[in-house]
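Before we start, here is the structure in question, set down as structure tokens.
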Amino acid sequence: MTTIDGPSIEAILLDIDGTIADTDDAAVARVERWFRFVGWLLEDQDPHVAARRFVMRIESPVNALVSWLDRTGLDQILGPLMDSLYRLRGVIGHSRVDLIPGVKKSLERLTDQYPLCVVTAREHRSAHAILESHALESMFQCIATARTCRRAKPNPDPVLWAVEQIGVHPTRCLMVGDTTADII
């Protein structure tokens, strides 16, 4: 097991989804609304429970798809399309994403001790919308999103870009996330 040497940490990098913002609960709520329309397919299951299971089960396949799109370069083609879709439907929905309980207070305490950066596979507009809606954006020295670099997480390029922005060696940084993409 690897231990964390607190005194050697000079900066902290954080993911947004599931680490800063409770985007899983927001996704569950959206899927639950869909499931209520097709309740007869759920075989008397609680739509909320079914939605939670669905969201948890698709997380790894969706991350694998996003990684494949990134490796093949197709994300560079689909990215502008996704940006257009976000503009069409607006990013106002991201303001309804709750923060993980206690995260804002923790970030406020950490900013006194470390430079903080965001490294997320989320696209630019929605990442900034979530941070802005909770008055968090100013806490971060830099924000690396899906297309800040040619490759996105789990490729190390966004992490390397972030640490270059703040002038800290990668081995002196702590990456905080909740998925295997963050660990890799």
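The values are calculated or read from the model by the stated rules, or taken from the named source; none is laboratory data. Here the structure is a predicted model, which is why all the values come from computation and not from measurement. Note that each Cβ is placed from the backbone with ideal geometry, even for glycine, and that neighbours are counted across all protein chains shown. Each accessible area value is taken on the protein alone, full model and side chains, heavy atoms only, with ligands, DNA and RNA left out. Shrake-Rupley method; radii C 1.70, N 1.55, O 1.52, S 1.80 Å.
Cβ-Cβ below 8 Å, separation at least six or inter-chain, first residue in the range 38-63 and surrounded by 13 or more Cβ atoms within 10 Å (Cβ to Cβ), second among the basic types (Lys, Arg) and modelled with pLDDT under 80: which pairs?
Between residues of the range 38-63 that are surrounded by 13 or more Cβ atoms within 10 Å (Cβ to Cβ) and residues that are among the basic types (Lys, Arg) and modelled with pLDDT under 80, the close pairs are PRO47/ARG36.
Scanning the range 1-13 for residues that are open to solvent by less than 30 Å² (accessible area, probe 1.4 Å) and within 23 Å of the chain's Cα centre (by Cα), which turns out modelled with the lowest pLDDT?
Among those residues, the one meeting the criterion is ILE9.
Here's a follow-up. Restricting attention to the range 144-155, report how many residues are within 20 Å of SER60 (Cβ to Cβ) and not hydrophobic (A, V, I, L, M, F, W, C).
The qualifying residues number 4.
Could you please find all residues in the range 109-148 being of a type outside the set (D, E, K, R), closer than 26 Å to VAL66 by Cβ and assigned to a loop (DSSP other than H, G, I, E, B)?
Residues satisfying the conditions are THR120, ALA121, HIS134, LEU136, PHE140, GLN141, THR145, ALA146, THR148.
Filter the range 14-30 for residues that are charged (D, E, K, R) and in a loop (DSSP other than H, G, I, E, B); which is least open to solvent (accessible area, probe 1.4 Å)?
Step by step, filter the range 14-30, then rank; the result is ASP15.
Specify the residue that is most open to solvent (accessible area, probe 1.4 Å); the eligible residues are those in the range 64-81 that are modelled with pLDDT under 75 and β-branched (Val, Ile, Thr).
Ranking the candidates gives ILE77 first.
Which count do you get for residues in the range 154-177 that are open to solvent by 70 Å² or more (accessible area, probe 1.4 Å) and out of contact with any Cys (no Cβ under 7 Å at 6 or more places or on another chain)?
6
Out of the residues in the range 102-133 that are surrounded by fewer than 19 Cβ atoms within 10 Å (Cβ to Cβ) and in contact (Cβ under 8 Å) with a residue 60 or more places away in the chain, state the one that is nearest to ALA11 (Cα to Cα).
The residue in question is TYR114.
What number of residues within the range 83-108 are under 20 Å from GLY18 (Cβ atoms), assigned to a helix (DSSP H, G or I) and at pLDDT below 70?
4
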